[in-house]
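*Asks:* Dropping the structure in here first, questions after.
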Amino acid sequence: MNCRLSKKLLELFEQRARQTRPEKFKPSPSKEEILEFTQAHGIDLRDDHLQFLMKYGGGFIETYYGTNSFEDFKDYYLDPDEASVRLNNEQITPPGSTYFSFDPYGEATAINNKKGHLGDFYGADGIDNIHYCNIDSLLFCYYSDNYEFFKFFKSVDSKLLSKEIIENYKTKYRSYKIEEIYYFNSNFYYVDGNLISLTQHTYTKYSGGILDLI
């Protein structure tokens, strides 16, 4: 159920985003174009990463530092200036991972080729800190953080709570947790028709809008 729910929520996010901000969905590269480049340069590419580039590779996620576009992806591997910056900052994707894109917060991320989780370039396997447990979680992060821009919900209520209350909530509603979605310290629950986000200190309830369509 949770897997179907996470996919349904992402579908509803995208549908509403296309209705309210169609200009965000720029033309993406074809499968053939992506594979031609990655195979020519010996770049490992997971299927979910390929599907992401085919759908959002026009540059859907835009930040001050860069985008998730296929052009930025290619620049990471081709641009001499970018290569120099990477070397100076030690921002080189480690063995077993592939450059992914800039995440919603403007951080350059890599994807673990075996496990599919995403994070920064530092650590034993390059992604010791799992910032996103999968690509869907990165998209979920972008959509939920930009709920006002896309007009996803009728109301959003956020409050600070003690760690004890947060932990009690997690225990009580364990079976309502959306296991497939996780980023940074954010966990999501679907309770009584509302989407609930919990961090270590905050409780946020999203109500109405696209949730009425589930």
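*Asks:* Can you compute the helix-only [θ] at 222 nm over the chain? Use -39500 (n - 2.57) per DSSP H run of at least 4 residues, normalise by all residues, nearest 500 deg cm²/dmol.
*Replies:* Calculated at 222 nm, the ellipticity per residue is -11500 deg cm²/dmol.
*Asks:* Right, here's the next one. Work out the charge dipole of the chain with +1 on the Cβ of Lys and Arg and -1 on the Cβ of Asp and Glu about the Cα centre, then indicate which of 25, 57, 143 is farthest towards its positive end.
*Replies:* Result: 143.
*Asks:* Further question: Please work out the Cα convex hull volume for the chain and give it in Å³ per residue.
*Replies:* 136
*Asks:* Here is a follow-up. With a 10 Å cut-off between alpha carbons and a GNM built on the chain, which of 79, 103, 145 moves the most?
*Replies:* 79
*Asks:* Here's another thing I want to ask about it. Please arrange 5, 53 by how many other C-beta atoms lie within 10 Å of their C-beta, fewest to most.
*Replies:* Arranged by neighbour count, lowest to highest, 5, 53 become 5, 53.
*Asks:* Within a 10 angstrom radius of the beta carbon, how do 56, 190, 203 rank from fewest other beta carbons to most?
*Replies:* Ascending number of Cβ neighbours within 10 Å: 203, 190, 56.
*Asks:* Say we join alpha carbon atoms closer than 10 Å with springs in a Gaussian network model of the chain; which of 45, 160, 118 then has the biggest fluctuation?
*Replies:* It is 160.
*Asks:* When a footprinting reagent is the concern and you count Cβ atoms within 10 Å, what order do 69, 101 take, fewest first?
*Replies:* Neighbour counts put them in this order, fewest first: 69, 101.
*Asks:* Continuing with the same structure: I need the helices of the chain that pass two filters: whole DSSP H segments spanning 24 Å or more by Cα along the axis, and mean Kyte-Doolittle score no lower than -1.0.
*Replies:* 2-20
*Asks:* Pick from 166, 130, 61: which is most flexible by mean-square fluctuation in a GNM of the chain where alpha carbon atoms under 10 Å apart are linked?
*Replies:* Of 166, 130, 61, the Gaussian network model singles out 166 as fluctuating most.
*Asks:* Of 114/154; 74/159; 31/115; 114/172; 114/163, which sit over 30 Å apart, Cα to Cα?
*Replies:* From the list (114/154; 74/159; 31/115; 114/172; 114/163), the Cα-Cα distance tops 30 Å for 114/154; 74/159; 114/172; 114/163.
Quick note: the coordinates plus some simple rules give every number you see, no bench work behind them. Keep in mind that this is a model prediction, so the values were computed, not measured. Heads up, the Cβs are rebuilt from the backbone with ideal geometry, glycines too, and the neighbour counts pull from every protein chain shown.
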